[in-house]
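J.: Before we start, here is the structure in question, set down as structure tokens.
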Ligand SMILES: [Zn+2]
């Protein structure tokens, strides 16, 4: 089986409102920078393209099809799309390469959440018979989860505030971050609750933006002469849509995916976790058994900016950046989808042999 | 053994979602001019194709269409269909004609209505021109043009459709 490497990663700034731009205008600058980083001209120079997006976010039907206008898809290209975070588009692309149908792929994700009411929009991904008609929004569900954690004594509000404070401080080194600053734990705790027990700072912000990655077989990456990080494992697992049947204080599916992706066969220097709410970072870190030897969310994570349908892919990109900069030898990137961490994907990245 | 139960074949679960929709930067440039009665295309810096209405990129090249190009309201029929059934919201009584039209100066067709014509005489290559609403009714809408109607110019041969300059068709 051919080893697969990441050779390029770019993300737009995470902004609360990208204004008048449409999906093409959101994607195109990011793709241009990604091609430039890889020394390629356009999507014609890769074997496969896969994107992740959700038309419900901006309320524009078939926006994902319009997004293809950013690619230069003439003559025709091999292209696919997932109505999910683009981390799953990465997964599809890896399968494509492993099946021998491609040696390289462009993966991009984009989300314009500002036009709609995101927590309400996300309620429509719930079970359509019993939950979606109740319009239970994503923040309320996360609040139920946090309440359960607090009530069982698994976390304190201070633990949650520590996650926020660390995110804000780490994000000061992330040029694309939306929220950053030297915010102390006490500063966070001084804030009023929003949907109790959550404060606004415990919730990732509403963000617009896009990100993109180029992957290739290690042979191809070497032929291009690009620094790279090897994807040594990737897997995803999902839990039932029935929230009442899940242990919301744990993330069994994350642990399973990490084990299947081979996370535990070596040291984890860095972990980028897609935790849209502060308490979920704690759930994930515990589910994965991470300790102080792993740096968690050095980018600030998604509390610093949450590009729906792109943030999972960006987690992979952030770990890639740290490996190629020599700041880490090995790391994991986590992506999530669905309410209360329902569906989780874990990617393991390692420094290439001659990288 | 038990009481017979109704077969449940469906439930009502209406979805209402509110959005502040934005057309996009490039479409906004087009719509702003359209409100002034101007059909403005956008040219690709790489392949020179002129799009109308532009969505922000050249779909062929994947680059932004930054240059605005003023177009004519004269066009050539690239394809058409005769609609024989009523379409909700369409003010025109069937049968009516829906056509792919290429505006002079642009290379990509747009879809609009044809009227004031003999439907049986509509043909590919036919020359047409926009019939505008009164200026007081202009909005950010393609409805500023009620429809296109045939004009007395010779037909454009198939290989020249989509390649006419903004100055029009000399025949
Ligand atoms: Zn072009």
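No value in this document is a laboratory result; all are computed from the given coordinates. Note that the structure is predicted; figures quoted are calculated from it, not measured. Note that each Cβ is placed from the backbone with ideal geometry, even for glycine, and that neighbours are counted across all protein chains shown.
J.: With the cut-off at 1.5 for a/c, could you classify segment A:113-169 from its C-alpha gyration tensor as rounded, prolate or oblate?
T.: Since a/c reaches 1.5 but b/c is at least a/b, the shape of segment A:113-169 is classed as oblate.
J.: I'd like the orientation of helix A:138-151 relative to chain A: the angle between its Cα long axis and the longest Cα principal axis, in ° from 0 to 90, rounded to 10.
T.: 60 degrees
J.: I would also like to ask the following. Would you look at the GNM of chain A, springs on alpha carbons closer than 10 Å, and say which of A:62, A:320, A:110 moves the most?
T.: Of the options given, A:62 has the highest mean-square fluctuation.
J.: So, one more: Given Cα pairs under 8 Å that are at least 6 residues apart, what percent is the relative contact order of chain A?
T.: Contact order relative to length: 25 percent.
J.: If you restrict to DSSP beta bridges whose two residues both lie in segment B:25-160, what percentage is antiparallel, to the nearest 5?
T.: 95 percent
J.: For segment A:1-65 and segment A:79-129, what is the separation of their Cα centres, given in Å?
T.: Using only Cα atoms to place each centre, the spacing works out to 11 Å.
J.: Over chain A, what is the percentage of antiparallel beta bridges among all DSSP beta bridges, to the nearest 5?
T.: If I count the DSSP bridges inside chain A, around 75 percent turn out antiparallel.
J.: Shape of the protein assembly as shown from its Cα gyration tensor (a ≥ b ≥ c, root eigenvalues): rounded if a/c is under 1.5, otherwise prolate when a/b > b/c, or oblate?
T.: Prolate, because a/c is 1.5 or more and a/b exceeds b/c.
J.: Using only DSSP helix segments of four residues or longer, with each worth -39500 (n - 2.57), what per-residue ellipticity at 222 nm results for chain A after dividing by its residue count and rounding to 500?
T.: Theoretical 222 nm ellipticity from helices: -10000 deg cm²/dmol.
J.: Here's another thing I want to ask about it. Compute the angle between helix A:278-288 and the longest alpha-carbon principal axis of chain A, please, reported from 0 to 90 degrees and rounded to the nearest 10.
T.: Orientation of helix A:278-288: about 60 degrees from the principal axis.
J.: When a/c is below 1.5 the answer is rounded, else prolate if a/b is larger than b/c, else oblate, so apply that to chain B with a ≥ b ≥ c taken from the square roots of the Cα gyration tensor eigenvalues.
T.: Prolate, since a/c reaches 1.5 and a/b exceeds b/c.
J.: What's the angle, to the nearest 10 degrees (0 to 90), between helix A:311-324's Cα axis and the longest principal axis of chain A?
T.: The angle comes out at about 60 degrees.
J.: Moving on to the next point. How far apart, in nm, are two points set 7 Å out from the Cα along the Cα-to-Cβ line at residue B:36 and at residue A:134?
T.: Between residue B:36 and residue A:134, the simple spin-label model gives 5.5 nm.
J.: Next up: Out of A:317, A:111, A:153, any idea which swings most in a Gaussian network model of chain A, alpha carbons joined below 10 Å?
T.: A:153
J.: Can I ask one more? Identify which of B:92, B:145, B:11 has the largest mean-square fluctuation in a Gaussian network model of chain B, with springs joining Cα atoms closer than 10 Å.
T.: Greatest mean-square fluctuation among the candidates belongs to B:11.
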